[in-house]
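The structure appears below as structure tokens.
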Amino acid sequence: MQIKPEGAGLGLRRELLDDCVSFSVAPDFFEVAPENWIGIGGQWGDSLKQIVSRTPLVCHGLSLSIGSTDPLDTQLISDIKCFLDEFNAAFYSEHLSYCSHQGHLYDLLPLPFTDEAIKHVSQRIREVQDRLERRIAIENVSYYSVPEQDMTEADFIKAVLAESQCDLLLDVNNVYVNSQNHQYDPLAFIEAMTQESIPYLHVAGHFRKDNGFIIDTHGANVIDPVWSLLTYTYQCIGNKPTLLERDFNIPEASQLMQEVEHIKSLQSQCSRIKNNNKN
Amino acid sequence: MPTLHETQKAFCQALRNPSDDNPAFDHLSIYQHLVFNNIDGLLTGNFPVIYQLLGDHVWRTLIESFIQSHQAKTPYFSQIAKEFIRFLASNTHQQLPAFLPELADYEYAESEVFIATENESDKNQPVQIDANSFITLKSTARLKKYNYAVQLISEDNHDLNKISEPTYFLLSRDHQQNVRFLQCNALTYSLFELLRINEGSSLAEVSEILFESVHPHLPNLSQNEWLHNAIELSQQVHAMGAIRNIFPKVVS
């Protein structure tokens, strides 16, 4: 049975397995990339099974290359379906981007914001939803280059959501990163998404280069402006399950849990304000 | 306006070829660094001996060449190392040691066995092994044959020529999930290879098949001695977690 995640989650990394098995790291739910875990047995596979047997799991894909003009990898989709079923994963999401063109490059590459890209990616999202027999979510990615632009990023995302009938995984850190790198108002971006179906959120740290440009590294603590943007998101769309992504420079378990707990404190503040307003 | 396909083709081509002067895309170098660092970090972790042997400069050039020319098919991050091994094996890389593809395979073998998934039939555990056992290798075990003494290669010893006799290994995962290596000779390797493909013969039958082909070369070895030997070897690698029964235990 799928258990819908609530509260504050954490991206599950191999480096954290022992801490998670021993409950030193114990968020409300975990997220994994299926591409890091499909076909993994032995100690790691055993640990994943043990952790997932007691904590809800969501899946966040990396390699589906949903926006690529290469053929869809139908074997990968069917492997993902087995993985989602085996671990009762409540959600599956992918990035609104592509990562392969005649071979994988294993990174999230920027789609042009054009009508052709909307049609192409939406048709592929629908096919993936059909094959997986479930609704999926797509995530707004950090992008550093805009290959072609006929519309804003927000309009592009909204058009894809409308045409593909999928959910939005709103990455609040990516909204901040893009708003800084491409000079737009992050609050207006969040406001533009309030009518969309948003099952859960991501938050992460990033790296600011000397020239001010921001790289979405998931390698540092979440900064205050991103926490503020998360609070604003809760105010706009209500409390949503929120996941902390930390992929590099992974700190001690206790420090990581502080950030997870901070998500929960923002969520409870938001609930309190809502309740007070009702009274 | 270029089509989506044309845009992706141009972007990825520029991404794969950092040396080309390509001003068409803003901040392309950020993507080039991200892609390089990601693959470099992964492969440096998988192939520490090769990295040390080649040194930073040659290694970087090799990774750049991998990104530029290899069409990686796998969506799985644990399999990128295997893409790299295929890349090394399918190209003649001038000025690189000829043993590199084999060394890469040997370096990755431990990880390969460490993460290998068990299937249901791997759970058919023999209680004891004798001449009447119907046994085969588990799906997590690997047999390896190298034409270079890959296990001897290190930063201080990289002047290897092809050896007259290949080097053989059996790798498996023991009951504590740790990876175990057994270096073996050609004859033992042949026994394990026959066991690996065995679909329904007893150990005595497998050993007899092998005896017929080796007897002319080892006239002093009796069939009985060889069977005894095969049982002992099978017991030894069973203790390393390499062996399963072919047939599940019948529950009456």
Query raised in the report: With respect to residue A:160, is the statement that it is under 17 Å from the mean Cα position of the chain (by Cα) and surrounded by 21 or more Cβ atoms within 10 Å (Cβ to Cβ) true?
Result: yes
**Report entry** Residue that is farthest from the other protein chains (Cβ to nearest Cβ) [pool: residues in segment A:31-50 that are in contact with a Gly (Cβ under 7 Å, 6 or more places away or on another chain) and open to solvent by 10 Å² or more (accessible area, probe 1.4 Å)]
**Finding:** A:31
Report summary line: Among residues of segment A:116-156 being of a type in the set (A, V, I, L, M, F, W, C) and closer than 21 Å to residue B:10 by Cβ, the residue farthest from the chain's Cα centre (by Cα) is A:151
Query raised in the report: Do you know which residues across segment B:193-252 are open to solvent by less than 50 Å² (accessible area, probe 1.4 Å) and of a type in the set (Val, Ile, Thr)?
Result: B:206, B:214, B:231, B:237, B:243, B:246
Report task. Could you tell me which numbered condition residue A:135 fails, if it satisfies all but one of (1) over 20 Å from residue A:174 (Cα atoms); (2) part of a helix (DSSP H, G or I)? Result -> (2)
Report summary line: Residue set A:154, A:162; condition free of Cβ contacts under 8 Å to residues at least 24 places away in the same chain, outside any loop (DSSP other than H, G, I, E, B) and either within 13 Å of another protein chain (Cβ to nearest Cβ) or among the aliphatic types (A, V, I, L, M) (or both); output residue A:162
Query raised in the report: Among (1) surrounded by 17 or more Cβ atoms within 10 Å (Cβ to Cβ); (2) among the charged types (D, E, K, R); (3) under 24 Å from residue A:175 (Cα atoms), where does residue A:79 come up short?
Result: (3)
Query raised in the report: Hey, among the residues in segment B:3-15 that are more than 7 Å from every other protein chain (Cβ to nearest Cβ) and open to solvent by 10 Å² or more (accessible area, probe 1.4 Å), which one's nearest to residue A:145 (Cα to Cα)?
Result: B:10
Requested in this report: For residue A:179, work out the one condition from (1) open to solvent by 10 Å² or more (accessible area, probe 1.4 Å); (2) away from chain B (no Cβ under 14 Å); (3) free of Cβ contacts under 8 Å to residues at least 24 places away in the same chain; (4) in contact with a helix residue (DSSP H, G or I) (Cβ under 7 Å, 6 or more places away or on another chain) it doesn't fulfil.
Outcome: (1)
Report summary line: Just one listed residue, out of B:164, B:154, B:121, B:172, is closer than 24 Å to residue A:41 by Cα, among the polar types (S, T, N, Q) and open to solvent by 20 Å² or more (accessible area, probe 1.4 Å), and it is B:121
Report task. Starting from residues that are within 15 Å of residue B:196 (Cβ to Cβ) and in a helix (DSSP H, G or I), keep the ones in segment B:95-151 and report whichever is farthest from the other protein chains (Cβ to nearest Cβ). Result -> B:121
Report task. Would you mind finding the one in B:237, B:251, B:214 that is modelled with pLDDT under 95 and under 25 Å from residue B:127 (Cβ atoms)? Result -> B:251
Query raised in the report: Quick one: how many residues across segment B:42-52 are open to solvent by 50 Å² or more (accessible area, probe 1.4 Å) and facing chain A (nearest Cβ under 10 Å)?
Result: 0
Report summary line: Expected output for segment A:121-145 (first residue touching a residue at least 24 places away in the same chain (Cβ under 8 Å) and within 13 Å of chain B (Cβ to nearest Cβ), partner charged (D, E, K, R) and crowded, with 22+ Cβ neighbours inside 10 Å, Cβ below 7 Å, 6+ apart or cross-chain) is A:142/A:216
Query raised in the report: Can you tell me which residues in segment A:51-70 are within 12 Å of chain B (Cβ to nearest Cβ) and open to solvent by 10 Å² or more (accessible area, probe 1.4 Å)?
Result: A:62, A:69, A:70
Report task. Determine if segment B:22-39 includes at least one residue that is within 30 Å of residue B:154 (Cβ to Cβ), open to solvent by 40 Å² or more (accessible area, probe 1.4 Å) and within 9 Å of chain A (Cβ to nearest Cβ). Result -> yes
Report summary line: Counted residues in segment A:176-202 being assigned to a helix (DSSP H, G or I) and over 21 Å from residue A:7 (Cα atoms) come to 12
Report summary line: Scanning segment A:193-214 for residues that are under 21 Å from residue A:94 (Cβ atoms) and either touching a Phe, Trp or Tyr at 6+ places or on another chain (Cβ under 9 Å) or aliphatic (A, V, I, L, M) (or both) gives A:193, A:198, A:199, A:200, A:201, A:203, A:204, A:206
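The values are calculated or read from the model by the stated rules, or taken from the named source; none is laboratory data. What you are looking at is a predicted structure, and each value in this text was computed from that prediction instead of being measured. Backbone-built Cβ (ideal geometry, glycine too); neighbour counts: all protein chains shown. Quick note on the areas: whole protein, heavy atoms, side chains included, nothing else; ligands and nucleic acids left out. Shrake-Rupley method; radii C 1.70, N 1.55, O 1.52, S 1.80 Å.
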